[in-house]
1. Which residue out of ARG55, ARG33, ARG77 is within 16 Å of the ligand (Cβ to nearest atom) and assigned by TED's automatic domain parsing to the domain that holds LEU137?
2. Looking at this structure, is GLY63 buried (at least 23 other Cβ atoms within 10 Å of the Cβ) and over 19 Å from THR335 (Cα atoms)?
3. I'd like to verify a number: residues in segment 90-110 that are of a type outside the set (Asp, Glu), part of a helix (DSSP H, G or I) and either exposed (fewer than 15 other Cβ atoms within 10 Å of the Cβ) or in contact with a Lys or Arg (Cβ under 6 Å, 6 or more places away or on another chain) (or both), how many?
4. Show me the strands (runs of 3 or more DSSP E) found entirely inside segment 187-261 where at least 1 residues are within 25 Å of ARG139 (Cβ to Cβ).
5. Report yes if some residue within segment 289-297 is free of Cβ contacts under 8 Å to residues at least 40 places away in the same chain, over 23 Å from the mean Cα position of the chain (by Cα) and more than 21 Å from LEU339 (Cα to Cα); otherwise report no.
6. ASP328 fails exactly one of the following numbered conditions: (1) touching a residue at least 24 places away in the same chain (Cβ under 8 Å); (2) charged (D, E, K, R); (3) on the phi < 0 side of the Ramachandran plot. What is the number of that condition?
7. For segment 162-172, indicate whether the set of residues that are part of a helix (DSSP H, G or I) and farther than 23 Å from PHE40 by Cα is non-empty.
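The values are calculated or read from the model by the stated rules, or taken from the named source; none is laboratory data. As the structure is a computational prediction, the values presented were derived from the model and not from experiment. Every residue, glycine as well, gets a Cβ built from its backbone with ideal geometry; the counts of neighbours run over all protein chains shown.
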Amino acid sequence: MREREIDIIERLIIMNEQYFIPVFDGHCDTAARIVNDSDFDIGKRQTDGHIDLPRMREGGLNGQIFAVCIDPGYPERVWEEKTFESIRIFKRTIEAYKEEIEIALNGDDIQRIAKEDRIAAMIGVEGGHVVSSLEVLERLYRLGMRCLTITWKNTNIIADSSEDMERWGGLSDFGRDLITEMDRLGIVIDCSHASSGAFFEILNRSINPVILSHSCMRAICDIPRNADDDQLLALAENKGVVCVNYFPAFLEEKSHRDIMKVWSVYREKKGILSRRYGGDPERAGKELLPAAMNKLENLLMPGLSLVVDHIDHAVRVAGVDHVGIGSDFDGIPLTPVGLEDISALPNITGELIKRGYSSKDIGKIMGGNLFRVISGVCGSG
Ligand SMILES: [Zn+2]
């Protein structure tokens, strides 16, 4: 039997159980494509990129956190305005396809939308650098943001990033207030990218389960961006979820070295060119990306079974109730073989079946756990 067919049978078993279990991905960067690429139509099947509505349907997806990420290379004074503008454009686009997709604000929304055979889109913001005050946080909440990734690659006024200098030893005073306010409003706290110090301080401070929306395991690929076993154990105690990222540079150290050799040069050049344009990383990126992609295309990528190795490890350490999927699609320049875009999602299910996971556990990993955290944090009305 083909994997796709096995997957359909599995999903029917899951749906036939008493409770609702959506297929839900914790992180993608498709919102940036919607906002910055006027030729991109999410309603049409594309030949490039990783996500559009037809391919989401093919992949059997019920829901997705779409992260809006404003490059810190833009002048600081425009971060806030760009975030609000991006969310508005994203919402307008989703509204134009309301037959197929709708913004979800909580667990009830996700359940209702999925049962109508449409896709639930949850708005996230990646990078707390754009949140300069608790008032901004509340405005973002009112616009529909239900998940905030505390840091991106840069240490910000809230917390330290895993890929930048340590400034606070975890959270700043403002960061501590922000966590309390996120708990009060009902916004999912996303610790992907944050430093280990920030992660543990957030877990101590928050009353809610947290997520790592797109992170891999340090036990397999030892880089600061990934989660170590102590973090996984703490996450289990917190009742949170780690959603596994598909980026080969986070999946294995060899790919990390190969990709970063090209990617860090690209980023550096992009920063320099962006400054020359008066702070326009988008324009600089568009100019420099094709050459970088040419170099990357020749690299040999791992297969999707390596993604499932990371899932396996997280399940062994944290338990099957604390693992999910967080593709990082449209934010990663390369993907594993067999997981080229969102339509290939059933291949993960197929691999989990091969490794002996029960349909109930597959349901938890493919979205049930993330749905549980979102429903708990964002309330049900
Ligand atoms: Zn990210």
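1. Only one candidate qualifies: ARG33.
2. Considered against the rule, which asks whether it is buried (at least 23 other Cβ atoms within 10 Å of the Cβ) and over 19 Å from THR335 (Cα atoms), GLY63 comes out as yes.
3. 2
4. 188-190, 211-215
5. Yes, because at least one residue in segment 289-297 is free of Cβ contacts under 8 Å to residues at least 40 places away in the same chain, over 23 Å from the mean Cα position of the chain (by Cα) and more than 21 Å from LEU339 (Cα to Cα).
6. Going through (1) touching a residue at least 24 places away in the same chain (Cβ under 8 Å); (2) charged (D, E, K, R); (3) on the phi < 0 side of the Ramachandran plot one by one, ASP328 breaks only (3).
7. no
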